[in-house]
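Laboratory data are not the source of any read-out in this text; all were calculated from the coordinates shown. On a predicted model such as this, the values are computed, not experimentally measured, just so you know. Using ideal geometry, Cβ is built from the backbone for each residue, glycine included, and neighbour counts are taken over all protein chains shown.
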Amino acid sequence: MAEKLLPVRNYDLAATLTSGQAFRWRLVDGAWQGVIGRQFVRLKQVQDGILVNAPLPSSAEEYLQTNVDLAAVIATFPEDVPMQAAVKACWGLRLLRQDPWECLASFILSSTKQIVQIQQIVRAVCECYGETIPGSPMNTFPSAEKLAALTEENLRACKMGFRAPYLLETARIVANRKLDLESLRRMKTIEARAALTELPGVGEKIANCVLLFAYGFQDAFPVDVWVQKALKQLYFPKRKPSKERLIKFIQTHFGPNAGYAQQYLFHYMRTRYDQAD
DNA sequence: TCAGACCCTCACAG
DNA sequence: ACTGTGAGGGTCT
């Protein structure tokens with residue numbers, strides 16, 4: 001087990017790992033435990049960056065996106081009051097770069113679920129069908145091939161309810177190479193989004209989550225109930241804009257890093273903003 | 001465009 | 001302690 005310091009400033013590790021982009025991180029004895037690919041990883045925020053404890057610590061660099069210049073990203077945000085409040089309240093919040101399959105499967109499981117519940121389901125899926133990692137308390141996230149070979153009943157045993165057939169069908173499509181998740185990297189946002197929404201259980205919102213959290217399409221902007229609430233309350237306190245109107249607003253207002261801005265608004269609403277409606 | 005259904009769990013009333 | 005109720009990072013028909 002090796003240890004390495006990834007030097008980085010302006011990185012709030014706890015906020016990033018608990019902000020609803022990834023669902024497997026747990027704080028144990030002052031360190032964040034999780035799995036990246038096939039490695040069990042422990043992360044610690046220290047003075048000069050993030051301390052990574054893993055067999056191959058440098059592989060966490062890509063996942064954590066420690067090379068991103070956060071100040072430069074935030075400089076592209078609009079200078080309106082709500083956005084600046086979110087930035088101030090959530091300083092150091094980052095976007096991860098996750099494995100596409102794990103991200104896709106996890107967000108199929110996310111629909112109308114609280115984040116705690118998503119974490120529970122994902123955990124059950126990994127404990128039941130993931131592969132053990134020698135010398136580690138956690139399993140890998142099960143591959144599409146592994147899930148494709150299961151039954152709907154097998155999946156329902158993990159308490160995912162009506163999401164089970166969606167996940168199963170999507171796993172089969174991915175395992176059969178009817179959709180190559182790697183090929184999306186070379187596509188434009190709009191094409192990649194179209195490919196993802198072909199999948200059962202994947203609509204605009206979940207597609208945008210995968211585009212943003214796994215592929216790094218910075219212009220993907222997931223609109224869920226929280227962000228919708230944020231946009232309405234913060235930007236249209238009096239009017240009652242349609243969802244169409246909101247989408248238009250998003251596309252023109254938030255700039256090239258709209259996805260990053262979205263994560264700030266989401267986290268801000270969920271953790272800081274007084275939600276008296 | 002617009003409900004309603006969809007599984008299940010947990011928080012919170014009473 | 002018990003039962004009832006509502007809602008939760010949506011999608012499909």
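Under the convention that each Lys and Arg Cβ holds +1 and each Asp and Glu Cβ holds -1, the size of the dipole of segment A:2-67 around its Cα centre is about 180 debye. Taking the centroid of alpha carbons for each part, segment A:66-96 and segment A:119-171 are 34 Å apart.
If R0 is 30 Å, what FRET efficiency do you get for A:Arg245 and A:Glu182 from their C-beta distance, rounded to 0.05? Provide the component values of the computation, followed by the final result.
Details: r = 36 Å, r/R0 = 1.20.
It comes out at approximately 0.25.
Among residues other than A:Pro200 with Cβ under 13 Å from its Cβ, the summed charge is 0 (Lys and Arg +1, Asp and Glu -1).
When only C-alpha pairs under 8 Å and at least 6 residues apart count, what is the relative contact order of chain A, in percent? Before the final figure, lay out the partial values.
On the way: 387 pairs, mean separation 52.7, N = 277.
Reported relative contact order: 19 percent.
Across segment A:2-67 the C-alpha pair distances fall into 5 Å bins from zero in the proportions 4, 19, 32, 31, 14, 1 percent.
Just to confirm a number: summing +1 for Lys and Arg and -1 for Asp and Glu over residues other than A:Leu265 whose beta-carbon lies under 14 angstrom from that of A:Leu265, what do you get? If you can, show how the numbers build up before the last one.
Details: positive: A:Lys88, A:Lys229, A:Lys232, A:Arg270, A:Arg272; negative: A:Asp80, A:Asp224.
Taking every other residue near A:Leu265 into account, the sum is +3.
Once you have the Kirkwood Rh of segment A:197-277 from its Cα pairs, apply Stokes-Einstein at 20 °C and 1.002 mPa s and quote D in µm²/s.
On the way: Rh = 13.2 Å.
Reported coefficient: 162 µm²/s.
Indicate the gyration tensor shape class of segment A:128-197 (rounded, prolate or oblate), computed on the Cα atoms with a ≥ b ≥ c the square roots of the eigenvalues: a/c under 1.5 is rounded; otherwise a/b larger than b/c is prolate and the rest oblate. The shape class here is oblate.
Could you give the semi-axes, largest first, of the ellipsoid that matches segment A:66-190, computed as the square roots of 5 times the alpha carbon gyration tensor eigenvalues and rounded to whole Å? Spell out each step's value before the answer.
On the way: eigenvalues 209, 67, 50 Å².
Those come to 32, 18, 16 Å.
Is chain A best put as rounded, prolate or oblate by its Cα gyration tensor, with a ≥ b ≥ c the root eigenvalues, rounded for a/c under 1.5, and otherwise prolate when a/b is larger than b/c, oblate when not? Verdict is oblate for chain A.
When ranked by the protection proxy of mean other Cβ atoms within 10 Å per residue, highest first, what sequence do the peptides A:178-185, A:253-260 form? Before the final figure, lay out the partial values.
On the way: A:178-185: 13.8, A:253-260: 18.6.
For the peptides A:178-185, A:253-260, the packing ranking is A:253-260, A:178-185.
Among A:136-146, A:27-37, sorting by the average number of other beta carbon atoms lying within 10 angstrom of each residue, highest first, gives A:136-146, A:27-37.
Calculated FRET efficiency, A:Glu191 to A:Asp29, Cβ-Cβ distance, R0 = 41 Å: about 0.40 to the nearest 0.05.
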